[in-house]
Every structure is written in structure tokens, then in C-alpha cells.
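A short write-up of the structure that comes next.
The values are calculated or read from the model by the stated rules, or taken from the named source; none is laboratory data. The structure presented is a predicted model; accordingly, all values stated were derived computationally and were not measured. Cβ placement follows ideal geometry from the backbone for every residue including glycine, while neighbour counts extend to all protein chains displayed. Accessible surface is based on the protein model in full, side chains and every heavy atom, while ligands, DNA and RNA are left aside. Shrake-Rupley method; radii C 1.70, N 1.55, O 1.52, S 1.80 Å.
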Amino acid sequence: MENLMITCISKPPVIIPTKHDNLSEFSQPPTKLSFTYTKNTNNPKITDNHVKYLARSGRLAEAVAALDSIALSGSQVRPNTFISLLQACIDFGSLDLGRKLHARIHLVKESDPFVETKLVSMYAKCGSFADARKVFDEMSQKNLYTWSAMIGTYSRVSRWKEVVELFFLMMEDGVLPDEFLFPRILQACANCGDVRTGRLLHSLVIRLGMVCYTRVSNSVLAVYAKCGKLRSARRFFDYMNERDRVTWNSMLLAYCQKGENDEAYKLFNGMWGEGIEPCIVSWNILINSYNQLGRCDVALGLMREMESSRVSPDVFTWTSMISGLAQNGRRWQALFLFKEMLLAGIKPNGVSITSAVSACASLKVLKLGLEIHSIALRMGITDNVLVGNSLIDMYAKCGELEAARQVFDMIEEKDIYTWNSMIAGYCQAGYCGKAYELFIKMQESDVKPNVITWNTMISGYIQNGDEDRAMDLFQRIEQDGKIRRNTASWNALISGYVQLGAIDKAFGVFRQMQSCSISPNSVTILSILPGCANLIAMKKVKEIHGCILRRDLEFVISISNSLIDTYAKSGNILYSRNIFDGMSTRDIISWNSIIGGYVLHGCFDAALDLFDQMRKLGLKPNRGTFLSIILAHGIAKMVDEGKQIFSSISDNYEIIPAIEHYSAMIDLYGRSGRLGEAMEFIEDMPIEPDSSVWTSLLTASRIHKDIALAVLAGERLLDLEPGNIVVNQLMYQIYSLCGKLDDSSKVRKLEKESTLQRSLGHSWIEVRNKVHTFVTGDQSKPSSNLLHSWVQNITREVNIDDHHGGFFIEEEEKEEIGGIHSEKLAIAFALISSPSSPQSIRIVKNTRMCRNCHLTAKYVSLRFGCEIYLSDTKFFHHFKNGRCSCGDYW
């Protein structure tokens with residue numbers, strides 16, 4: 001993406017210039033009017049014409065003095081003279097002189113409602129709505145113009161409900177709207193969603209015979225369109241005798257607001273049939289709507305069609321496209337379009353700048369972000385709070401917190417998003433102390449922290465490991481902040497505890513949340529479910545699933561996908577399949593989750609069958625799909641088919657294979673014992689092999705007892721991960737097997753680390769709703785003697801040859817040296833604790849299972865008729881009827 005450079009701007013400054021340095025041609029201070037007063041003593045008699053002359057000349061102070069002279073002479077002025085003076089106050093925005101004129105209204109010869117109406121207009125247009133309403137309410141007689149003035153006043157400031165209220169008062173006063181006032185009142189109904197009053201006005205329009213006025217009819221149509229009454233809008237549209245572009249655009253907007261874009265497009269094409277050429281507004285309505293629906297390709301096609309129709313896209317068109325692409329994850333394309341807009345000579349607005357900067361933030365492309373910032377500086381819109389907020393977010397996500405703070409400090413009128421963006425930036429970077437300092441300053445400012453601010457601080461502390469401060473803020477939010485916790489407050493704690501691996505604490509918060517009558521939402525479920533994706537959390541998964549059903553969240557596709565994945569990892573692939581089969585809508589993640597689940601359980605046939613179904617349905621596999629399918633072919637020992645799949649990734653789907661695909665290919669060769677081909681594959685890799693590739697080769701070498709290849713793979717791992725304790729232990733064993741234990745410093749170091757830092761096996765098992773921990777060689781438990789005796793008896797029954805043919809490469813010490821391994825103790829505890837043989841035993845272990853324990857688990861599953869699920873650091877083992885899902889390859 002190096003070619004995406006905005007060439008029209010020189011290297012941008014990082015330091016933000018001061019406000020006065022950046023005044024552009026669009027931000028010059030306006031010139032104020034000055035009023036002079038020169039006392040005229042030479043004119044003994046002042047006429048109305050002279051007063052009018054002074055008003056037209058803007059000499060308002062002299063006009064007021066002239067009125068005083070008229071009053072002293074005992075004369076009065078005509079109503080139209082006074083109206084001229086009031087109009088001059090409106091023209092020059094002089095509220096103060098308008099008030100002085102109001103104080104002299106008694107100088108008008110006779111009471112005239114037009115004078116009072118003009119007075120209402122003067123107050124309204126000079127910004128004093130209270131005075132305007134007071135004059136209006138005190139008027140003894142109100143005519144149509146008076147009501148129009150007052151309704152116009154409220155319309156200009158978008159106080160739509162007051163407009164509707166005035167309409168009813170007007171009707172009570174016996175005054176009916178005319179063809180000019182109807183559109184204003186109908187506009188108010190449309191904007192405040194009052195379709196009931198809109199229907200009343202519609203009937204009134206018909207009774208008064210005003211349907212013939214296109215402007216009035218368009219306003220009636222707009223009410224139905226904006227209020228979502230599509231059928232009423234279409235019926236009215238079809239019966240209209242005369243339709244202009246405004247009519248068609250209203251109908252287009254009605255369809256688009258309902259998401260019926262295809263109908264809108266048909267209507268759009270119908271405009272041509274009636275001889276009405278769509279204008280820029282028509283095109284923009286369609287383009288914007290397609291972008292909002294995520295159909296950016298259609299929107300982009302319309303924009304190109306628009307250009308070919310000789311209608312030049314305006315800034316709204318470009319902004320709509322850039323925002324649509326950015327919001328739908330097509331950020332690079334949004335930035336290319338932003339550059340194209342500049343080259344087309346279109347000046348960006350605040351929204352297009354904000355969208356482009358936000359795209360840079362998501363992509364973390366600081367260089368482009370700086371260039372767009374410089375454009376904003378040249379345009380003089382860095383004071384725009386939306387632009388400023390997006391810049392803070394961009395700099396923070398790019399790790400430039402000082403630049404982010406500089407922008408923050410430059411924004412004079414900060415809003416809640418400004419503060420929250422800067423605080424979030426500090427939290428995301430791990431600077432919770434600085435975030436807290438800003439949080440305290442915010443409390444002292446005019447903008448007080450809201451619930452999002454508190455949640456950001458809670459999330460920041462717990463994600464950075466400080467759960468005590470996070471909990472303190474969580475408890476203070478309602479007492480100190482006077483803010484009620486929302487669902488996101490609880491979610492912040494839950495996701496933080498899951499991230500820290502404290503699933504029991506996360507689950508405690510999850511339960512407390514519900515006891516406080518706070519309903520979990522999709523984010524809650526998606527935060528806590530991954531923490532339960534292990535073999536000893538099955539009951540927790542079922543509890544969460546029950547919550548999902550009670551909250552009617554099972555139809556949320558992301559939740560169903562997460563359930564499929566979690567059930568599979570917690571040992572229940574049948575539940576995963578039932579959820580998958582029950583989904584009315586599936587996406588690529590749904591298919592990947594169930595296929596990956598079957599691969600995890602060693603069910604290669606089901607995985608490959610689903611892959612075939614997926615392709616028949618026309619779904620395009622992605623990187624995750626291919627990874628699972630290569631692994632499935634490996635389990636099935638279908639090497640040639642696996643090689644074809646790997647080749648198709650780039651040849652047929654134009655996807656560049658990632659390092660995990662190469663690692664899966666080594667697994668594919670290794671399971672079938674084709675180690676020579678595996679080594680050739682590594683040598684031909686276009687990317688540098690990482691530790692996962694060499695670990696796969698080491699596993700293959702260990703299983704097939706190829707000591708030379710094991711040495712090669714192990715030494716590569718030592719180079720890549722010199723501090724890895726497990727690798728050091730394995731290499732010491734490998735050197736021992738091949739007779740390389742000379743007196744070199746390297747071997748002495750391995751021997752020392754292997755002796756001092758030997759992995760100690762831990763296993764966890766849940767029995768009767770309690771998780772029990774077992775440690776290799778531990779005899780401190782009250783039942784230790786019973787457990788050890790049971791294991792020894794089973795070992796005699798199994799009669800395992802523990803010499804491995806002289807090829808011993810394991811992460812744990814032999815039991816003769818380190819004691820009985822933890823998983824055997826866990827299996828013994830599960831069987832002894834149950835009055836009858838349990839149907840299933842679920843164990844999690846922190847190290848790779850050794851061959852001896854693997855054989856024992858297979859024997860126990862056959863001997864006692866139970867299923868054993870054991871997840872170690874290498875594989876997910878499912879023992880049943882004396883067999884294991886790993887195929888004895890792990």
C-alpha cells in the first residue's frame with residue numbers, strides 16, 4: 001500500500017499550530033456594524049419619509065432619536081414606517097435598538113396587527129424567542145401572518161413539537177393555514193414523527209383544495225415517508241397529478257429508510273420514464289443508503305454510473321462512499337477513494353476527514369494519518385471536535401500518545417468523546433496512571449465523566465493486571481460518580497478476569513450481574529464463553545447456554561458460533577453439531593467452528609464431509625478452513641489429498657498460505673512417517689520456518705524414532721527459543737540418546753536447566769461440582785495411599801513396557817524418579833470417588849502426556865467402560881474402548 005500517498009501536501013507538521021496561525025479564508029472574523037448618532041438640530045420637523053430614509057441607511061440610532069423628536073412634537077408615525085424600522089433592526093441584527101423601538105410602539109398612529117407581527121419577527125430573527133412569544137401571546141388579534149411569523153420562528157430553530165402545538169392553537173383561533181404555511185407545519189410533523197397530526201393536515205389540505213399545490217403535496221408525502229408509513233406514502237405518490245424531483249426524492253428516501261433499496265432503484269429508473277432526470281440529491285440518497293446497508297460495491301457502481309450520466313459527485317457523494325467503505329472494513333479502499341476525491345478537486349468536509357483518519361487508526365498507518373492531519377490544518381478544521389477526536393484516536397492507536405495529547409490540548413471546546421478518546425488511549429497503551437490523572441481533571445471540568453469513561457478506566461486497569469483498582473472503580477461508580485452501572489460495566493470486569501485467566505472470578509461476576517437484575521447481552525456471552533473452553537468447565541458452559549436461551553440470544557450468529565467452539569473444546573462435539581444443525585443462518589465462522597471441532601476430536605471423516613457440503617453450497621473457504629482440512633487429511637493419513645488442498649489455497653483461491661498452514665503440512669507428512677518429504681518441504685518453504693514448524697518435525701521424529709532428525713529439529717528450536725525450558729529438557733534427552741553428552745558448555749547448561757527446572761505435571765479434574773488439583777509425585781492428600789495403591793494395581797494389569805525401545809523423550813521425569821504422574825492420580829480419584837464407574841472423566845493437564853500414561857488411559861477406558869477426555873499442551877485426547885482420538889500421535 002506504499003502507493004497510497006496524498007501527493008498534494010508537503011510533509012505535515014506533528015506539532016499543531018496555534019489557532020491564530022491557522023485562520024483560513026473560511027474563518028475570518030466578521031466585520032461588525034457600527035452605529036453613529038449625530039444630533040440634527042437644523043430640521044425642526046421630522047417626517048415619516050425621513051425616518052424611513054434613516055432606517056434604509058442603517059442609521060438606526062438616529063431613527064430612534066427622530067422618533068423621540070416626533071413624540072415631543074405630539075405627532076405619530078404611520079404603521080408602515082414603524083415596520084420599516086423593525087425590518088432594519090432585523091437586517092442589521094440589532095436586538096438592542098429593536099427593544100427601544102418596542103418601547104415606542106405607542107407612537108404608531110393606529111393599532112395594527114401587522115406592526116405587532118413584525119415585532120414578533122424582529123425578536124425571533126434577532127434571537128430573543130422568549131420576547132417573541134411574549135409579544136405574540138399578548139396580541140389581542142392574530143391574523144394568518146402573525147401565526148406564520150410565530151410558526152416560522154420555531155421552525156427555524158427546529159422546535160417541531162411547538163410548531164404542532166401552535167397549529168392547534170391557530171385552529172382554535174379560527175385561522176386556517178395557507179399554501180405557504182402548510183409545508184412548515186407538515187415539515188414539523190415529519191421531523192417529530194407525528195403521523196397522526198400529519199393525517200389530519202392531509203385531510204385539511206384536501207378539504208381546502210390545496211392538493212393542487214405541488215409544494216403542499218410534497219410536504220404531505222414527506223410526512224408519510226419520514227414517519228415510515230411506506231404504503232401510505234406510495235398510495236399518495238401514485239395519486240399525485242404533478243410530481244417534481246422533490247416528490248421523487250421523498251419517495252426514494254422512504255424506500256431507502258425502510259431498507260428496500262432495490263425498490264428504490266426501480267423507482268429511480270422510473271424517473272427517466274417520466275422525463276425527470278435524477279439530480280445530485282437523487283443519486284446521493286441511493287448511494288448513501290446502499291453504503292449504510294454494507295453494499296458498498298453497488299454504491300460505488302452507482303457513483304461511476306452517476307459520473308457517466310454527466311452528474312459530478314459532490315462532497316456528500318464522496319463522503320458517503322468513504323464513510324461506507326471505512327465502516328464496512330474496506331479501509332484501504334476508503335483511503336484510495338479519499339485520495340481520488342482530492343485529485344478530483346473536491347474539498348473534503350469534517351466527516352470525510354474524520355472517516356479517513358479513522359481508517360488510518362484502524363490500519364495503524366501513521367504516515368497517511370499525518371498527511372490527512374496536515375490537510376485538516378490547511379483547511380482550518382482542526383477545531384472541529386469530530387476531526388479532533390478522530391485524530392486523538394488515530395495517534396493513540398499508532399502509539400503516538402504525545403501527539404494525541406497535543407491534539408487533545410489544542411481542542412478548546414472538548415466534548416465527552418474528546419476526554420474518553422484520550423483516556424482510552426492511555427489505558428490501551430498501559431498508562432493507567434496518566435489515564436487516572438486525566439480522569440480526575442475531567443471531574444473538575446465542565447464535562448463530567450459518563451458511564452463510558454468509568455467503564456474505560458475499569459477495563460484499562462483490569463486488562464493491565466490491576467484487578468483491585470478495577471474493582472474499586474466498579475464499586476465507586478454509583479457512589480462517587482452518581483452514575484448507574486450498565487451492562488458494559490459488568491462486561492469490562494468479566495472480560496478482564498477471563499483475560500487474566502481467572503475464570504472463577506469472571507463467573508462470579510457473571511452470576512452477581514444477573515442477581516442484580518442486569519441482563520447479560522451478546523458482549524457478555526462472547527466475553528465469558530472463551531474462558532469456559534476447557535474440559536473442566538462443561539457445567540459452566542451449560543449454565544451460560546441456559547442464560548442464552550432465557551435471553552433469546554441463541555439466534556445471534558456470533559453467539560451460536562462461540563457455543564459450537566466452546567462445546568467442542570469442553571468435550572461435547574455432539575452439542576456442537578446440534579447447535580450447528582439448528583442454525584437458520586450460517587457464516588464462514590460457523591462452518592470453521594464445527595469443522596475445527598471435529599478435527600480437535602480426531603473425527604476427520606465428519607470434518608471432510610462438512611467441507612464437501614460447504615463447497616457444494618458455494619461457500620468460499622478461508623485460511624481457517626484450510627488449516628483444519630489439512631490437519632484432517634493428516635489424521636486420515638491422506639497425504640496426497642492434503643497436498644492438493646495446500647496447493648489449491650494459492651492456485652484456486654488466491655490466498656497466501658500462512659505459517660500455520662506450513663506447520664500443518666509437516667504434521668500431514670509426519671503422521672504418515674514421510675519424514676524425508678517433510679524435510680524437503682521445509683527446505684522449499686518461501687518463508688522462514690518458525691518454532692511451530694520445527695516443533696511439528698520434532699514430534700514426528702520422536703514418534704517415528706528418527707534421532708538424527710530429532711537433533712536437527714531440536715537444535716533449530718534451541719536457536720529460536722533459547723529460554724524455553726521444555727525444549728532444553730527434550731534436547732538434553734535427545735543428546736543423551738545419541739551419545740552427545742560430551743563436556744561442552746552447551747550440554748552442561750542443558751543438564752543444569754534440565755535438572756533444576758524440570759516440568760512438574762499438574763492435572764485438574766472436576767468431581768461433584770468441585771475442581772481438584774493433582775501434582776506429580778504428591779502424597780500429601782488424605783487419600784494419597786489409596787490412590788497410589790489403585791494406580792500400582794492398574795499398572796500391573798496393563799503390564800506396560802516403560803523402556804520405549806530405548807527411545808525416551810518426554811517432558812516429565814519417569815515415574816521411578818519423579819513419582820506417579822498427575823493424570824493417573826486424577827483418573828484414580830474419579831473412579832474411586834464414584835459409587836459406580838463414571839460415564840466420562842475430564843482432565844486438563846499442563847504438560848504433554850507421556851506414553852506410559854497414554855497407554856494406561858486407553859486401558860482404563862476399555863476396562864471400566866468409560867470415556868476419558870484429557871487435554872494436554874499438545875493434543876486433545878478422547879479415550880474410548882481402548883483407543884485414542886489422537887491415533888497415538890501427539
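Observations on the structure shown:
- Taking the listed residues Val211, Val195, Val205, Val223, the one that is open to solvent by less than 40 Å² (accessible area, probe 1.4 Å), closer than 20 Å to Leu144 by Cα and not small (Gly, Ala, Ser) is Val205, with no other qualifying.
- Some residue of segment 325-347 being open to solvent by 10 Å² or more (accessible area, probe 1.4 Å), touching a Gly at 6+ places or on another chain (Cβ under 6 Å) and not aromatic (Phe, Trp, Tyr): yes
- Verdict on Ile287 being surrounded by fewer than 21 Cβ atoms within 10 Å (Cβ to Cβ) and of a type in the set (A, V, I, L, M): no
- Those helices (runs of 4 or more DSSP H) of segment 502-554 in which at least 2 residues are under 24 Å from Arg484 (Cα atoms) and in contact (Cβ under 8 Å) with a residue 24 or more places away in the chain, considering only elements entirely within it, cover 503-515, 522-528.
- Filter result (free of Cβ contacts under 8 Å to residues at least 24 places away in the same chain and either open to solvent by less than 50 Å² (accessible area, probe 1.4 Å) or more than 16 Å from Leu831 (Cβ to Cβ) (or both)) within segment 771-783: Thr773, Ser780, Pro782
- From the list Asp565, Asp587, Asp605, the lone residue that is open to solvent by 70 Å² or more (accessible area, probe 1.4 Å) and touching a residue at least 12 places away in the same chain (Cβ under 8 Å) is Asp605.
- Inspection of segment 260-270 identifies no residue that is open to solvent by 40 Å² or more (accessible area, probe 1.4 Å), closer than 21 Å to Cys189 by Cβ and free of Cβ contacts under 8 Å to residues at least 40 places away in the same chain.
- Test: residue in segment 206-213 that is assigned to a helix (DSSP H, G or I), free of Cβ contacts under 8 Å to residues at least 40 places away in the same chain and over 21 Å from Thr153 (Cα atoms): yes
- In segment 348-380, residue least open to solvent (accessible area, probe 1.4 Å) [restricted to those that are part of a loop (DSSP other than H, G, I, E, B) and of a type outside the set (D, E, K, R)]: Pro348
- Residue that is within 21 Å of Thr625 (Cβ to Cβ), open to solvent by 20 Å² or more (accessible area, probe 1.4 Å) and outside any helix (DSSP H, G or I), where the choices are Glu641, Glu654: Glu654
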